[in-house]
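Here is the structure we will look at.
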Amino acid sequence: MSPALRQKFVVGNWKMYTNAAEARQLAKAVVDGMGAEERVSVTLCPPFPYLALVGEILKGSGVALGAQNVYPEKEGAFTGEVSPTMLLDLGCKYVILGHSERRHKLGESDAFINQKVRVALADGLDVILCVGETLEQRKNNQTEALLDQQLTLGLAGVSADTLTRLSLAYEPVWAIGNLEHHATPQQAQDAHAVIRRRFGQIFGEKSAQELAIEYGGSVKPDNAAALFCRDGVDGALIGGASLHADQFLAIVRAAISTSLTQENSAKTAA
Ligand code: 13P
């Protein structure tokens, strides 16, 4: 498959924002603004308490529902946790795992994240696994080693027949919610190439070429197109801008128009 023809993903990670009324309004505005577009895969990941109400609004639309976390057990005495089956019950297709906020603020280890990745995939969820370095690691030239470690440990034991339900998100910690430090399109492209190469070493070249890698970290309507047109940047995982329907939809439109351009140039080249 030509890299240019991978479907683009636009995922809104609402983090711990919105109340019920805002969640309802935001989801409705996204569904209404989306129309029948199917070229780009669009997903909303509201906080756990609003999954059901957002799920109702998304039903029958082209927009998928995702969760921001999951616990790697089917059921049991795990107070406060949510299982993959519960998420599937609520209509979730996706789950975001390994987000840097969970790694750094909540102390999740690569081993724990790996357990979640394996269980979520085995139970039928599509996983978006986030990886990315801190500013200090980048300054110390440790980006590649860190990505290698997060991929090797995070993907250990993942079964090859679940890979079509796995995508990765490169989220450099220093670029998340940060107005001063933005990853340039070139930095994103370079890191995605490192990730794809490592993925290929683990799972083979074919799987690496089919893998979608989203970029996350201060994606806004004004920088989205420049990122999407880069080789190997297959979409975006969006925090702040996903809380504003107009901004989120503008990013979706940028993904659609980049996809169209890439499809047309692939046809011309064929
Ligand atoms: P921002 O878009 O707010 O930088 O957040 C990115 C992110 O963490 C998405 O998961």
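The values are calculated or read from the model by the stated rules, or taken from the named source; none is laboratory data. Being a predicted model, the structure only gives us computed values, none of them experimental. When we count neighbours, we look across all protein chains shown, and the Cβ atoms used for this are built from the backbone with ideal geometry, even at glycine. Note: accessible area is taken over every heavy atom of the protein model, side chains too, but ligands, DNA and RNA are not part of it. Shrake-Rupley method; radii C 1.70, N 1.55, O 1.52, S 1.80 Å.
Brief remarks follow.
- Relative contact order (%) - the chain, alpha-carbon pairs under 8 angstrom, separation at least six: 22 percent
- Counting only lysines at least 8 places from Lys74 when in the same chain, those with an alpha carbon closer than 29 Å to its own are Lys15, Lys59, Lys93, Lys105, Lys116.
- Cα-only Debye scattering, the stretch 204-254: base-10 log of I(q)/I(0) at q = 0.25 Å⁻¹: -0.88
- All lysines inside 27 Å of Lys267 as judged from Cα atoms, apart from same-chain residues fewer than 8 positions distant: Lys8, Lys206
- Only protein heavy atoms count here; on that basis, with a 1.4 Å probe, Thr152 has an accessible area of about 50 Å².
- Mean Cα-pair separation over length for the stretch 137-270, i.e. relative contact order, pairs under 8 Å, 6 or more apart, %: 23 percent
- For the stretch 1-115, a simple Cβ point-charge model (Lys and Arg +1, Asp and Glu -1, everything else neutral) yields a dipole of about 300 debye relative to the Cα centre.
- Those trypsin sites (Lys or Arg not before Pro) in the stretch 72-158 that DSSP places in a loop and that have at most 15 other beta carbons within 10 Å: Lys74, Lys105
- Amide N of the stretch 210-253 lying under 11 Å from the label point, which is placed 7 angstrom from the Cα of Ala269 along Cα→Cβ: 231-232
- With every protein chain in place, the chain: carbon and sulfur % of accessible area (1.4 Å): 52 percent
- Loop exposure criterion: chymotrypsin sites (Phe, Trp or Tyr not before Pro), DSSP state outside H, G, I, E and B, at most 15 other Cβ atoms within 10 Å. Applied to the chain, the longest stretch between such sites is 79-270.
- Per-residue HN-Hα couplings for the stretch 188-202 [Karplus 6.51, -1.76, 1.60; θ = phi - 60°; Hz; x = Gly/Pro]: 5, 4, 5, 5, 4, 5, 4, 5, 5, 5, 5, 4, x, 5, 7
- Semi-axes of the equivalent ellipsoid for the chain, Cα gyration tensor, largest first, Å: 25, 24, 19
- Accessible surface, the chain, averaged per residue in Å² (probe 1.4 Å): 45 Å²
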